[in-house]
Amino acid sequence: MIPPVEPGSTSPIARQFREILIWPVQLMPLPGGGAIQNHWEKLGGDNCAWTELTDEFTADCQEFKERHYVEFVAFMPHVQRFLYGEGTTDPKRAGYGASPIKVYRRKDVAQARVQGRADGPVIGFEIAHVDLYFFYDIDVAFLVIELYADDLPLAEVQDVLFRFGRAYPTSWNPDGSAVYCCHKIEWLGHDGTVLAASDYERRAQYMEFVCTNKAPYIAAHWAYLLRPMVLHHSGEAGAIRYRQLEYQRMPLLAYLAVDDPASLSRSDWMRIGLASPPGPPGQLPFSRRFMADFEARFCYDRFWDELGGHDGTPLRIICSRHSVTIVGNVADPHYTDPEVGGLSLFRHQYFLIGLIAHLHRAALLMFSDRLVTAISDLDVSDVDSIKRFKRDIRRIRENFLRFTHRYWFHEVSNQLAAADLFRRTSDHLDTDRLFEEVRAEVEDMSNYLDSDSQRRQSNSVLRLTVVTIFGLVGTLATGFLGMNLIAAADEPIWMQVFYFLIVFLPTVWLILFTIMKSRKLSDFLESLSDERLPIRHKFAGLLRNKDKAG
């Protein structure tokens, strides 16, 4: 049944609002690098804004808080080893139990100034952190930025969720402003100075870059956060180069604490849950037919009941392909508790669940891109190109096998809410189907290489067989009863050498000639062994082969 259009409702206030962007980018191969490349080793220097984030789990036990413990035990052992590594008392084995994740953090960005529309308000956000996640043996990186503000009208929250995380514009309005993007975004330092600003309005620059490089241009404020990493097709110098992996909207997680979640209208839930733009009260963001099963498709209502008829903390989680949003009551101290409550769950467990799910998708897209690149660079007429292709495919296969055993898993937690959220997120991202597609592509490439190697081995065996058969005639004729046609044992050494060369050179020529004509000679032997052919046809085949060989 299609729900009716609901009556209008007043827009509530988000007393607490947080947004975490998780932006995956593909890392390009380092010059002269090997099969496994540690891109993070190129970060550093006196002017680098990134510093490696020390693992909180290795800090003094007096600083180890309950929320760290709660976060750790929420995951299954194999996921714990992936996220945190394992402790070891032997420094020589530090790499054995180390986590494959490397995290770097910027210290220069403190605030963000965001204006969603030209006629809209300018909103100031505090920046909790800007991190860069690398993964061992996986050529992807994630830019993670968390920002927050208090007492925002829900319409402004919807506008920020819809406009903020966009790497580049898709088109422009007649007045020159970018469609769907923020009017202005600025990063501010600790002293309030503007570090970087958006340039969505520079239409000519974006169009020229796409026309020249067949790749999208990244907005200036996002490019600033990634430096010293540089866009692959840009003219900037940089050791670590990246390119866009998915489309321009960045995946996000959002946390809202409102006065009364039950007062939110159905259209409000849709707009904040699907990161849709604000609209008139009571009007759905999409057609009623399309949104008829919104609750079943997107809402995880294990802890949600409009009437409050359960013992747990009332909160609602909305999960889609693009976003995960959690909404609860600001008056509930457990929901807003930053240590072990809903806020802590959002910033740590739920964030890590989203990171793992998006890592799976990003890595699979990276493998698919590498396969396409290997095929595109193949020139079947160039021997060196064929060798490079085979080497690249073998490396991709080995890399994919390591990814499967190190990073790919379907279960992350025995806690039902965390397990369900991971499963829903993965289903929306369609990672299982993508995994099967990439695995099939890798296996097809591997089967091609195996069949090509078997073909080459069969050809080698064929040539050796033909040479052996034709050489067997001379061997039997000259070696019958140990006969020696020329008794040169008593001749001078120079005469023996002369006889040797007279025999050696024609024999070498005969063997090489037999190898060159081995395929045609093999066809003749095949026809000779066919009992169905009459004798004259067999010799006729021999003559034809001789004519072709001549």
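Just so it is clear, none of the values below were taken in a lab; they were calculated from the coordinates. What you see is a predicted model, and the numbers here were worked out from it, not measured in a lab. FYI the Cβ positions are ideal-geometry reconstructions off the backbone, even for glycines, and counts take in every protein chain you see.
Highest mean first, the peptides 168-180, 353-365, 490-502, 292-304 sorted by other C-beta atoms within 10 Å per residue fall in the order 353-365, 292-304, 168-180, 490-502. Taking the average, over residues, of other Cβ atoms within 10 Å as the packing measure, peptides 48-54, 112-118, 218-224 rank 218-224, 112-118, 48-54 from highest down. Bridgeable aspartates and glutamates around Lys184 (alpha carbons under 19 Å apart, same-chain partners fewer than 8 residues away excluded): Glu19, Asp119, Glu126, Glu146, Glu156, Asp159, Asp175, Asp199, Glu201. A straight chain from Val73 to Leu307 at 0.36 nm per residue would run longer than the Cα-Cα distance by 81.1 nm.
Estimated from the Cβ-Cβ distance and a Förster radius of 22 angstrom, the FRET efficiency linking Glu63 and Asp191 is about 0.15.
Ranked by the mean number of other Cβ atoms within 10 Å of their residues, highest first, the peptides 14-22, 378-386, 429-437, 144-152 come out as 14-22, 144-152, 429-437, 378-386.
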